[in-house]
1. What share of all Cα pairs of the chain, in percent, falls into each consecutive 20 Å distance bin?
2. Which whole-number percent is the relative contact order of region 2-228 (Cα, under 8 Å, 6+ apart)?
3. Take His107, His158 and order them by how many other Cβ atoms sit within 10 Å, fewest up front.
4. Within region 1-39, list the residues whose amide N lies under 12 Å from a label point set 7 Å along Cα→Cβ of Phe139.
5. I'd like the antiparallel share, as a percent to the nearest 5, of DSSP beta bridges with both residues in region 253-456.
6. Ala405 versus Ala131, label points 7 Å from Cα toward the beta carbon: distance in nm?
7. Treating only the Cβ atoms of Lys and Arg (+1) and Asp and Glu (-1) as charged, compute the dipole magnitude of the chain about its Cα centre; round to the nearest 20 debye.
8. Amide H neighbours of Leu117 under 5 Å, counting only residues 5+ apart in sequence or on other chains, H built in-plane at 1.01 Å?
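Values in this text are rule-based calculations from the coordinates and carry no lab data. Keep in mind that this is a model prediction, so the values were computed, not measured. All Cβ positions, glycine included, derive from the backbone under ideal geometry; neighbour counts span all protein chains shown.
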Amino acid sequence: MTKILLISGTRSGCGKTSLTLGLLAALRRRGLAVAPFKAGPDFIDPGLHALAAGRESLNLDTWMLPPQANREIFARQAAGADMAVVEGAMGLFDGADADAGLGSAAHLAKVLDAPVLLVADASGMGQSAAALVSGFARFDPELSLAGVAFNRVGGPGHRDILIQAAARAGTRLLGLLPKAPDLAMPARHLGLVTAQDQQGIEQAIQRLADWVEQGMDLDALLAALPDRTLRAPTDTPIVDAPVAGDGPLLGPLLGVARDRAFCFLYADNLRLLEQAGARIVFFSPLEDPGLPPGLDGLYLPGGYPELHAGALSANAPMLADVRAFCASGRPVYAECGGFMYLCEALEDGRGGRWPMAGVFDCAAVMGQRFAALGYREARLTADTPLGQAGSVARGHEFHYSHLDAPPVVPTAYALSGRSGPLPGPEGFLRGNTLGSYVHLHFASNPALAAHFVGAMR
């Protein structure tokens, strides 16, 4: 049996990530197996979740993925765990669609039938907290509110006022968390810093666990959550694995970049690729002297190449290997940071211009403000390693860099956002190499994984 909880807030910046990390670690201290999840497209929080829970955290998203895909990802990961904890994004009702609530934590809570713990920043607030909590509790009658946790609580007098406010709102009070400025973690780009880049992150998580244990009534929280029976779906191969000569059944070998520079990847993309028959081997463009031998395809995910541009550029043997692999005609998919790696150069925004693989004749130039942000639907306008013309998939785009000029190659994407079609070229195609700023979630169209694996055969 598994207890389910979705943690959301009244707004961004109310402390839900700190509370989530502390709760994951505190539950782990109790010996509970906890399955963490992140609502929305963010790549950074799942890495921190994994450190706190000791278990991989997966993305769930009701805009990118259909309801059944979210339920299957959730059940597959949470089955057998004592508790599943989902961290929401932004405020509880903030999503991609003002009417339907697509992409919001509230919509996901209803898809998963998950009770909600509401986190509210109580600084500078007294009885107004009752009106705030009451409004959130009554806004959508289909939601189940497990209770509220007030953050940034002052002294005893403030605590008493908030206790009365929760009672007046008719909402279970599960936490009174004091101000904790020493536990704040610096922001970088989208969300927090990566787990790999955060010095002392494990010690910080343990301090957050102390903070949660002191400020939350964990016994009351657990008692408020019903037990659920979750069954992992049976995964059947998307395609049959091919036979390699007269030997055993072997699928094509896919090289996936993974290190400090390339760490943004939806884990379910890899699962679907393996389900389609791929064998996956990881490599580091930063540290390895070249590509692994025998690769049939290449996947370059996103990350922070701009923070490691000098080291990436200095690894000339790896750049030469990647350039030659792309020229060989074998399938390559590169997204966001991986696409930047395939450009001629990367300008890091600090005066440095670093040569890269040079597959696409353009430079990625870092700016001080984001160049693009939002959900994306990509319709393929040409045949690519990921699918034939007409295929549709969903994902997300967020980056601070822009291209100095579009590469002189065919394009393969017609992009739409929340408000309709988006102008400008996207989905750059050179031979059998596809590069794009968009992070596609393969669970939005599992045929992408099957087509990519098929292209490697």
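1. Result, from short to long distances: 25, 53, 21, 1 percent.
2. Working: 464 pairs, mean separation 60.4, N = 227.
Across region 2-228, relative contact order equals 27 percent.
3. Working: His107 25, His158 20.
The fewest-first ordering by Cβ neighbours comes to His158, His107.
4. Flagged as within label range: 8-12.
5. On the way: 28 of 47 bridges.
So the antiparallel bridges amount to about 60 percent of the total.
6. Reported label-point gap for Ala405 and Ala131 is 5.8 nm.
7. Values: 36 positive and 44 negative charges, 158 e Å.
Value, rounded to 20: 760 debye.
8. Sorted by chain and number, the residues that satisfy this are Leu6, Ile7, Ser8, Ala146.
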